[in-house]
Amino acid sequence: MVHLGPGAFFRAFNAIYTDEAMAIDGGDWGILAVSLQSARAQQELEPQGCVYTSVAMGPEGETARVVNAISGVMVAPQNPEAVLNAMAQDEVKVVSLTITEKGYCRHPTSGGLNVENPDVQHDLNTPAASKTAPGLIVEALARRKQANVRPFTVLSCDNLPENGATTRRIILEFAQKRDPELAAWISEHARFPSTMVDRITPATTQGDIDALAARSGYYDAALVRHEGFRQWVIEDDFVDGLRPAWEKAGAQFVGSVTAHEAMKLRCLNGTHSTLAYLGYLAGYETIAETVADASFASLCNTLWHDEILPTVPVPEGEDLQAYVAALLARYQNPAIRHLTWQIAMDGSQKLPQRILGTIADGYRAGRAPHGLCLAVAGWMRYVGGVDEKGAAIDVRDPLAKAVKAASDSAETSSGKVDALLGVRDVFDDELSSNPDFRQAVCNAYETLVSKGAAGAVAEYVKGADQA
């Protein structure tokens, strides 16, 4: 396997499932981890032979294990030819991805390939020096086709709706720009199964590394810490059926993951983003601290039962009420220091999938999703770059400059809302032109300004209880 994007989540999830599957079922499924930007993963893993420690954290304590699934690490910008050569080898059967939403080079509103992206233009013009995941994948597949080698399976493990179909569309559009015959070959022979992934993985701190060293007697720069819970649902559609026996490690193989994805994106990711923006503005550092506030815990329950679950189809084998109850327990785990600031990153890319789609479905069904509109207003306040105490917010987002400029272009709350609703890379025409949505967000923004995030949440919860 080759994995693009060997960050903490990959090490806490894909690599552990693969390690456990090999331990149970055997097989020779080493993972070549490829970073698309930073050399950090290579610097952390290579000096220790690519092994590392994973620590599961629960209210009852911690459980550590050493993971051996990674066989090597490359940094694509340092040597793209070496990466492409590795991906073109017949021994590689699966290329998996955890590159976050922005790594797919999608146009936020159309969902297709963003051909205006400078890196996409670079990769189309100089494929042997590709920078992006789509560029690397298409060039590697082109080399395999030329060498009469079967294609690999492309396995997205990112939080995108129908991530396999989304990835397939991006890859085929990219390939079509290069060579229609290549695009046809990929369409016929490659596979792009969708997946649903779930495991909360906070950023590892130096304190975490030092604590492990003091406890275990060894220093692990690549340490990952995560919750005990995990869930991986995968469509069983691989080239020639070749894949690790992940089901032996607990993965669920299904015909379609669409309902599971919707459940996770809307129930977990949607409330996670809501808590991130409103919790950060209220002064809370972590999700656990945020939901320790009874109003924020009630916010989650109200959003799930009144606004989110009515839009979610019940996945095979799932109990949605039990699922959201388990989510709140996971959020409340004091051992998980999942930073609101970390979850708030890249909101312009996350908002459409996690929250705006649910809002649109609510309005179509005749419901007024005021709680999720409060979440949107929270995002708008957050990207304005100034918190409730007047301190600067370090907004990390591909559109950070654009959305701040939009916010700064108006003086009034309603003016700021209108300016941000005009950012077409985030809000589509249907939603931004909906007067009920606009008014709800304006009202929520005004409440955030006048009462603060904690006050706005308390007011919403009280109103929902009385409704």
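Points to keep in mind about this one:
- Residue in the stretch 344-355 that is modelled with pLDDT of 95 or more and more than 19 Å from the chain's Cα centre (by Cα) present: no
- Selection within the stretch 274-311 - surrounded by fewer than 24 Cβ atoms within 10 Å (Cβ to Cβ) and within 27 Å of G164 (Cα to Cα): L309, P310, T311
- Residue that is nearest to I355 (Cα to Cα), among those in the stretch 99-132 that are open to solvent by 40 Å² or more (accessible area, probe 1.4 Å) and in a loop (DSSP other than H, G, I, E, B): T109
- Flag for V314 being in a helix (DSSP H, G or I), of a type in the set (V, I, T) and either touching a Leu at 6+ places or on another chain (Cβ under 8 Å) or surrounded by fewer than 22 Cβ atoms within 10 Å (Cβ to Cβ) (or both): no
- Within the stretch 335-369, the set of residues being of a type in the set (K, R) and assigned to a helix (DSSP H, G or I) comprises K350, R354, R364.
- Residues of the stretch 60-94 satisfying the condition of being in a strand (DSSP E or B) and either aliphatic (A, V, I, L, M) or open to solvent by less than 80 Å² (accessible area, probe 1.4 Å) (or both): G61, A64, R65, V66, V67, I70, G72, V73, M74, V75, V94
- The set of residues in the stretch 326-338 being in contact with a helix residue (DSSP H, G or I) (Cβ under 9 Å, 6 or more places away or on another chain) and either open to solvent by 50 Å² or more (accessible area, probe 1.4 Å) or over 30 Å from V386 (Cβ atoms) (or both) consists of L327, L328, R330, Q332, N333, P334, A335, R337.
- Selection from the stretch 168-202 of residues that are open to solvent by less than 20 Å² (accessible area, probe 1.4 Å) and in a helix (DSSP H, G or I): I170, I171, F174, A175, L182, A183, I186
- Number of positions in the stretch 433-467 that are at pLDDT below 95 and open to solvent by less than 80 Å² (accessible area, probe 1.4 Å): 2
- Candidates D425, D418 - the one that is touching a residue at least 60 places away in the same chain (Cβ under 8 Å), surrounded by 15 or more Cβ atoms within 10 Å (Cβ to Cβ) and closer than 21 Å to D346 by Cα: D425
- Whichever residue in the stretch 229-244 is within 14 Å of V197 (Cα to Cα) and either not in a strand (DSSP E or B) or not hydrophobic (A, V, I, L, M, F, W, C) (or both) and, among such residues, is most open to solvent (accessible area, probe 1.4 Å): F229
- In the stretch 5-47, residue farthest from V224 (Cα to Cα) [restricted to those that are part of a helix (DSSP H, G or I) and among the aromatic types (F, W, Y)]: Y17
- Subset of the stretch 91-150 that is of a type in the set (K, R) and over 18 Å from the mean Cα position of the chain (by Cα) - its residue that is farthest from D240 (Cα to Cα): K131
- Among the residues of the stretch 386-402, those that are surrounded by fewer than 14 Cβ atoms within 10 Å (Cβ to Cβ) and either over 18 Å from G279 (Cα atoms) or basic (K, R) (or both) comprise K389, R396, K401.
- Residues that are open to solvent by 30 Å² or more (accessible area, probe 1.4 Å) and not in a helix (DSSP H, G or I), drawn from the stretch 255-264: G255, S256
- Odd one out for Y17, checked against (1) under 18 Å from P244 (Cβ atoms); (2) in contact with a Leu (Cβ under 9 Å, 6 or more places away or on another chain): (2)
- Close contacts from the stretch 310-321, counting a first residue that is at positive phi and a second that is acidic (D, E) and surrounded by 12 or more Cβ atoms within 10 Å (Cβ to Cβ), with Cβ to Cβ under 8 Å and a gap of 6+ residues or different chains, come to none at all.
- Output for the stretch 60-109, where each listed residue is of a type in the set (D, E) and modelled with pLDDT of 95 or more: E81, D90, E91
- Filter pass, E247 being surrounded by fewer than 24 Cβ atoms within 10 Å (Cβ to Cβ), in a helix (DSSP H, G or I) and acidic (D, E): yes
- Count of the stretch 133-167 residues, restricted to those that are in contact (Cβ under 8 Å) with a residue 40 or more places away in the chain, under 28 Å from G347 (Cβ atoms) and open to solvent by 10 Å² or more (accessible area, probe 1.4 Å), is 5.
- Y219 fulfils the conditions (1) loosely packed, with under 15 Cβ neighbours inside 10 Å; (2) free of Cβ contacts under 8 Å to residues at least 24 places away in the same chain; (3) in a helix (DSSP H, G or I) except for a single criterion, (3).
- Residues within the stretch 365-385 that are surrounded by fewer than 17 Cβ atoms within 10 Å (Cβ to Cβ) and hydrophobic (A, V, I, L, M, F, W, C), tallied: 2
The values are calculated or read from the model by the stated rules, or taken from the named source; none is laboratory data. Remember, predicted model here, so these are calculated numbers, not experimental data. Glycine also receives a Cβ, built like all others from the backbone with ideal geometry; neighbour counts cover every protein chain displayed. For accessibility, only protein heavy atoms count, side chains too; no ligands or nucleic acids. Shrake-Rupley method; radii C 1.70, N 1.55, O 1.52, S 1.80 Å.
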